[in-house]
Each structure stands twice: as structure tokens, then as C-alpha cells.
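Each remark here refers to the structure printed beneath this line.
The values are calculated or read from the model by the stated rules, or taken from the named source; none is laboratory data. From a predicted model like this one, the values you see are computed outputs, not experimental measurements. As a convention, Cβ positions derive from the backbone with ideal geometry for all residues, glycine included, and neighbour counts pool all protein chains shown. When the accessible area is computed, the model is the full protein with side chains, heavy atoms only, and any ligands, DNA or RNA have been set aside. Shrake-Rupley method; radii C 1.70, N 1.55, O 1.52, S 1.80 Å.
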Amino acid sequence: MTPDDYPPRSLLYVPGSNARALEKAQGLAADLLIIDLEDAVPEGRKVEAREAMRRAVEAGYPGKRVAVRVNATGTWEQEADITALYGLALDAVVLPKVDAVADLDPVRALGVPILAMIETPVAIYAAREIAADPAVVGLIAGLNDLAHELKLPDGMDRGAMSHAIQAIVLAARAAGVWGFDGVYNAIDDAAGFASEAAEGRRLGFDGKTLIHPTQVDPCNAAFAPSVREIAVAEALVAAATGGAQRHDGRMIEDMHVAAARALLERAGR
């Protein structure tokens, strides 16, 4: 999995200690399954989660991309997590709480692309260097932890983190890697999720991390080109003659044509 591949729109966390969730994930339309060995797993079930993760990955998820989220660098659980990953065919490893490039080091030996989670003020300022590391294929906004680190009141609108969110997108784009939005916690609030997913796309994210299967389909819809967007892009490409020109009441140039072609390619995929 490299930034030259099409980015996953929906990245679903699947608790490694939940056998039913691991099995159910086979039938979900998530673009990337992230088997979670970190926050979703109670402290006393880490060993069980590693074993279940290995069985699930070895059994396979045909047609799906699969990643594993390990515990953070500096935790005593991480070494056992990494050992459990050797020999598995994974598309990526998700590394939480990456504050500096050095935090990536323990995972490098796996030779698997890394999705680095940006979850602290320190990480925001280091995001550009983290994204530029050759092992990193994308950044994930860890907004729950970031809100905690910023000491925001519970339930605060994420607009309070707008500067940090945009910094993550900027760092990803500067390095030519993917950027993924954080999770939406209110799993019963379908309208709220749809609104936040649409906002994430407007901000420039490639996709969004998810915590519940019901969020997969609306997430895929939010990050896919709409029927109207496809029609507009097709008309623009058809009308383009090269250089600057007037089209549909606005000036377009080669940059707009390239963006339209990219949108149509994404729609085709």
C-alpha cells in the first residue's frame, strides 16, 4: 500500500479481542480494516487479542486491505505486538501517538507501510517531519486524544481544533502521503456523522477512521464523487482545449482539467 494506490475512504477499527467483530468484518464494505490491539482492547486481554488477530489475518480477508494498530512506542505491550506481526501479510501498521520520527523506529523492521497517528500538540508541530519519513504512507488525525491534551471541555465542537486539523492535512499533502480524519464517537447519530464526514472531505482528507460498522456505507458515500461532481468533471474534460479558457461561467486552466481527470479516475475505481 503506497500513496500511488487509491486511498481508502473508510478505515474501520475492529477490536482484536472481539471474535464476532473480526468475523463480521469479512462482509463489510470498509476499504481498510484496522485490527486494533491498542485502545479497543482491555488491558487484561492483550495476549488474547494478539492471538485472535493472527488467526484472523492468516485466515484472510479476501479482497480487503488489512492493517493492525499496535500499542504506542514506549509501552511495554508494543514489543509483543510487533513480534506477533512477523510473517503476516499486512497492508499497513497503524502506530498511535507518534510525537517524533524516532517513534517510528521499532516498527520499521516489519517492512510494512506505516499510518502514523497524530494525537498531541507535540505531534502537530512534528507532523511534517513524520509525514516525510519514507516508511510513512499516511497520517491519521487522533482527535479524541488531541482534545484531551488540549484540555477542551467534554463535547466541545471540533472547530476548536481547526488549526491542528488543517495542519495534519497540510503535512500530509506537503509530503505526498494520505491524510485521514478522526473518528466520530456518537455511533447513533447518523446525521451528525454524515455532516462530519462531509466536512472532512471539504477539509481535504482522503477518508475517515470509523468505530462502528454502521458508519462504513455513509463514509464511503461521503468520500466518493457525487453524481453531480462526475457530470461536472466530464463536461469540463470534454470542453478543455488546453491553457486558460472560459467554461460554464468561469475560467479554467490545465490544473482544473487534471483535477477533473483525477476525480473521474477515482469514481471509476
Open item on the list: Distance cut-off 24 Å, Cα to Cα: go down the list Lys97/Lys208; Lys24/Lys97; Lys24/Lys64; Lys24/Lys208 and report the pairs above it.
Closed with: Lys24/Lys97
Open item on the list: For the chain, take every pair of Cα atoms, bin their distances at 10 Å starting from 0, and report each bin as a whole percent.
Closed with: 7, 28, 35, 21, 7, 2, 0
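Where does the chain land at 222 nm, in deg cm²/dmol rounded to the nearest 500, when only DSSP H runs of n ≥ 4 count, each adding -39500 (n - 2.57), divided by all residues?
About -12500 deg cm²/dmol.
Using a Förster distance of 41 Å, how high is the FRET efficiency between Asp189 and Glu253, based on the Cβ-Cβ distance and rounded to 0.05?
0.50
Expressed in nm to one decimal, what extension gain is obtained for the pair Glu149 and Ala244 from 0.36 nm per residue of sequence separation less their Cα-Cα distance?
29.5 nm
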Task: Convex hull volume of segment 185-269 per residue (C-alpha atoms, cubic angstrom) - done: 105 Å³
TODO: Under a cut-off of 16 Å between alpha-carbon atoms, report the aspartates and glutamates in cross-link reach of Lys46, not counting same-chain residues fewer than 8 places apart.
DONE: Asp36, Glu38, Glu77, Glu79, Asp81
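By per-residue mean of other Cβ atoms within 10 Å, what is the highest-first order of 5-13, 52-60?
Averaged packing, sorted descending, gives the order 5-13, 52-60.
Which whole-number value in Å² is the accessible area per residue of segment 54-143, probe 1.4 Å?
Dividing the accessible area of segment 54-143 by its residue count gives 40 Å².
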Open item on the list: Rounded to whole Å, give me the distance from the Cα center of segment 108-161 to that of segment 1-78.
Closed with: 19 Å
- [ ] Let me see the pair-distance distribution of segment 8-96: every alpha carbon pair, 5 Å bin width, integer percents in order.
- [x] 3, 16, 30, 28, 16, 6, 1, 0
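Arrange the peptides 29-36, 184-191 so that the one whose residues have, on average, the most other Cβ atoms within 10 Å appears first.
By packing density, highest mean first, the sequence is 29-36, 184-191.
Ignoring ligands, DNA and RNA, how do Trp76, Trp178 rank by accessible area with a 1.4 Å probe, largest first? Mind showing how you got there, number by number?
Working: Trp76 195, Trp178 10 Å².
Putting Trp76, Trp178 in descending order of accessible area: Trp76, Trp178.
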